[in-house]
1. Sort out which residues of segment 112-125 are over 18 Å from VAL40 (Cβ atoms) and in contact with a strand residue (DSSP E or B) (Cβ under 7 Å, 6 or more places away or on another chain), and write them in order of number.
2. Please go through segment 70-83 and pick out each residue that is assigned to a strand (DSSP E or B), of a type in the set (Gly, Ala, Ser) and buried (at least 19 other Cβ atoms within 10 Å of the Cβ).
3. Go through segment 73-85 and count every residue that is within 16 Å of ALA22 (Cα to Cα) and among the small types (Gly, Ala, Ser).
4. Any residue that is touching a helix residue (DSSP H, G or I) at 6+ places or on another chain (Cβ under 8 Å), in contact (Cβ under 8 Å) with a residue 40 or more places away in the chain and part of a loop (DSSP other than H, G, I, E, B) - is there at least one of those in segment 84-94?
5. Of the residues in segment 3-38, how many are among the small types (Gly, Ala, Ser) and outside any helix (DSSP H, G or I)?
6. Answer yes if at least one residue in segment 103-111 is part of a strand (DSSP E or B), hydrophobic (A, V, I, L, M, F, W, C) and in contact with an Asp or Glu (Cβ under 8 Å, 6 or more places away or on another chain), and no otherwise.
7. Across segment 100-135, what is the number of residues that are over 19 Å from GLN59 (Cα atoms) and surrounded by fewer than 11 Cβ atoms within 10 Å (Cβ to Cβ)?
8. Quick check, is ASP95 among the charged types (D, E, K, R), within 12 Å of the chain's Cα centre (by Cα) and either at positive phi or modelled with pLDDT of 95 or more (or both)?
Amino acid sequence: MKRLIVPILIIVALAMLALWGAWQKAPKLEAQAIACADPVAGCAFMHDGMPATLRFSAQPEALKSFVLSIAGPNLRKASASFQMVGMDMGFNRYDLRRDAEGNWTAQVTLPVCTVSRVDWVAELTLDGRLYTLPFNTR
């Protein structure tokens, strides 16, 4: 019986990890799309009835980091993840932190797409609300 304890604990831990991952990737209910031609130049949108701006520090490329920043009054919590339509890109959630100027920022690195696609969607969660921003990489 003692020999079974460790394998059972490992199986339970892996099952809990799988459930947690499924919960993290669970489909969101309603997302507001952010229309933006050039995220490097900046994208204006409304959050909680107030104007907000999203900006990338550089044109995104796979495995090259860039800074995602969001400026918005009264923003209390922000996170971002990056996916491709119809393709699971794994868990890549970034929690944005408030900087000295009051902007929310994170250093982001996109994973590699093995089929050389360039169409991405940033999924932003701001104060519990979901926003999506389609963009392309180089």
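1. Residues satisfying the conditions are VAL112, CYS113, ARG117, GLU123, THR125.
2. Within segment 70-83, ALA78, ALA80 qualify.
3. The number of residues fulfilling the criteria is 1.
4. Yes, segment 84-94 has at least one match.
5. 5
6. yes
7. 6
8. So ASP95 fits the description; yes.
The values are calculated or read from the model by the stated rules, or taken from the named source; none is laboratory data. Computed from a predicted model, the values in this text were never measured in an experiment. So basically every Cβ, Gly included, is an ideal-geometry build from the backbone, and we count neighbours across all protein chains shown.
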